[in-house]
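FYI, it's all coordinate maths here, none of it is from the lab. Predicted model only: the values in this text are computed from it and were never measured. A quick note on method: Cβ atoms are made from the backbone with ideal geometry, for glycine too, and the neighbour counts reach across all protein chains shown.
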Amino acid sequence: MQSADFELNVPLMSKARPRSPRHGGRPYMPPAYMEWKATVRALLAEWWCEPPLQQVSCLVLSFNGPARGDLDNLAGAVLDSGNGLVWADDRVSVLPAMALRFTRAPKDKQSIYLKVIWE
């Protein structure tokens, strides 16, 4: 088994849901979420220099920050950011196991620790 770990010193953000314009039109993602995702993706791209993994044995995510949001939505935002970059996709056939943890921390000490384990 191989593994790699990394700490992202970013504020925590939950996965956003698409928004719909009031008068029709195409749904869109909130700009703040898209900016956060781009920042996290850029940090991951500096850390991960290999092709995306086609199979991940386990992804460990530890969130440190204020107690806001749901743990699954916090994980979803990280999964979206790593799709096609660290892992090929976040489907269960590619990423069948995750371990998630939340620890309360001050707002100025927010971070996300991730460990990717693969064969």
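Each row is one residue, and each column tells you yes or no for (1) hydrophobic (A, V, I, L, M, F, W, C); (2) under 24 Å from Tyr113 (Cα atoms).
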residue: Phe6; (1), (2): yes, yes
residue: Asn9; (1), (2): no, yes
residue: Leu12; (1), (2): yes, yes
residue: Lys15; (1), (2): no, yes
residue: Ser20; (1), (2): no, no
residue: His23; (1), (2): no, no
residue: Met34; (1), (2): yes, yes
residue: Thr39; (1), (2): no, yes
residue: Leu43; (1), (2): yes, yes
Residues satisfying the stated conditions in region 48-72, i.e. over 22 Å from Ala105 (Cα atoms), surrounded by 15 or more Cβ atoms within 10 Å (Cβ to Cβ) and either touching a Phe, Trp or Tyr at 6+ places or on another chain (Cβ under 7 Å) or among the polar types (S, T, N, Q) (or both): Pro52, Leu53, Val56, Ser57
Between a first residue in region 4-24 that is without any contact (Cβ under 8 Å) to a residue 60 or more places away in the chain and more than 24 Å from Ala45 (Cβ to Cβ) and a second residue that is assigned to a loop (DSSP other than H, G, I, E, B) and of a type outside the set (Lys, Arg), which pairs have beta carbons less than 7 Å apart while being 6 or more apart in sequence or on different chains? Pro18/Pro27; Pro18/Met29; Arg19/Pro27; Arg19/Pro30; Ser20/Pro27
Consider region 73-98. How many of its residues are touching a helix residue (DSSP H, G or I) at 6+ places or on another chain (Cβ under 9 Å), crowded, with 18+ Cβ neighbours inside 10 Å and over 10 Å from Arg41 (Cα atoms)? 4
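Can Val78 be described as under 17 Å from Val10 (Cα atoms), touching a Phe, Trp or Tyr at 6+ places or on another chain (Cβ under 9 Å) and not basic (Lys, Arg)? Steps first, answer last, please.
Details: under 17 Å from Val10 (Cα atoms): yes; touching a Phe, Trp or Tyr at 6+ places or on another chain (Cβ under 9 Å): yes; not basic (Lys, Arg): yes.
Answer is yes for this residue.
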